Structure formats: structure tokens, C-alpha cells
1. Of everything in the range 1-25 that's in a strand (DSSP E or B) and exposed (fewer than 15 other Cβ atoms within 10 Å of the Cβ), which residue is farthest from the chain's Cα centre (by Cα)?
2. If I ask for residues that are buried (at least 16 other Cβ atoms within 10 Å of the Cβ) and in a loop (DSSP other than H, G, I, E, B), which ones from the range 91-103 would you list?
3. Considering 88, 74, which residue is in a loop (DSSP other than H, G, I, E, B), without any contact (Cβ under 8 Å) to a residue 40 or more places away in the chain and either over 15 Å from the mean Cα position of the chain (by Cα) or surrounded by fewer than 20 Cβ atoms within 10 Å (Cβ to Cβ) (or both)?
4. I'm trying to understand the selection: among the residues of the range 16-34, which are under 30 Å from residue 140 (Cα atoms), touching a residue at least 24 places away in the same chain (Cβ under 8 Å) and touching a strand residue (DSSP E or B) at 6+ places or on another chain (Cβ under 7 Å)?
5. Being modelled with pLDDT under 95 and outside any loop (DSSP other than H, G, I, E, B) is the filter; apply it to the range 37-56 and report the residue that is nearest to residue 127 (Cα to Cα).
6. Please work out which residue is surrounded by the most Cβ atoms within 10 Å (Cβ to Cβ), limiting yourself to the range 104-117 and to residues that are over 15 Å from the mean Cα position of the chain (by Cα) and touching a residue at least 12 places away in the same chain (Cβ under 8 Å).
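The values are calculated or read from the model by the stated rules, or taken from the named source; none is laboratory data. Since we're looking at a predicted model, the values are computed, not measured. Cβ placement follows ideal geometry from the backbone for every residue including glycine, while neighbour counts extend to all protein chains displayed.
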């Protein structure tokens, strides 16, 4: 079922697919300008999911890149430690991965965090986010 969810390709389509099972927003994290993680809990998961926690990763346009089915709710920096273990800004252990699927939108998210990554923000209006990527200079984001 994870593969079928990822084939929706857009966040709104994923939510529409999951809505009959009950959908609860747990968290949303943005890393840099071009990556979003949506953590959701399915209140009545179908048996083929094997867990009620999903992380849906999208690009800045809501295009689904990856869907993870986890044994529990992840911590933000543990999720990024799983993706980019060589990055010293990330730490923590991810709950057990029950299943995952990547869509045609997927690419290595660590590429977005490198120092020379492009930005929509001018240099004077941005600061480096924890782990890499850019946020507006006055942002509260870590």
C-alpha cells in the first residue's frame, strides 16, 4: 500500500487517499526551501499498512518524494540523521521502518543541504538552517 500512496505524486492526493482511514496531523517540518516532511497518524489503518504513522516527504510544490511507514512518531533530527548520517548537525535514532516508497520526484535530500545550494532568498535575507539549507534571516526555524 505504501507504493500506491506514493504513486499519488501530490500531497493533496495522498491526503484524499488516506482520508477514509482517518487522518491526524502530527507534525510538519521544513528543511531549507525545498523539502517538507508531514508526519501523520492514520486513526483506522488498513491491515496492509502495519503501522499508523506515516512520514510524507514533498518538494516545495507539494510533489510527493517519499512515503515512510514507521513503528512510531519520529523526531525531526533523527529523520534527517537517517537520511544524511554524515551530517554532524543531525542525531537520533529513527523508529523501525515498516515500509517505504520513493516516487519519480525523489532525489538525494542531502544535496539540498550543501553550502553552495541555490536559494530563492538573497544573501542578505537568509541564514543557514541547522543541518543545511536556507531560511529567512528572521525565521524561528532551527
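1. Of everything passing the filter in the range 1-25, 24 is farthest from the chain's Cα centre (by Cα).
2. 94, 95, 103 - these are the residues of the range 91-103 that are buried (at least 16 other Cβ atoms within 10 Å of the Cβ) and in a loop (DSSP other than H, G, I, E, B).
3. Answer to the selection: 88.
4. 26, 27, 29, 30, 32, 33
5. Step by step, filter the range 37-56, then rank; the result is 49.
6. 117
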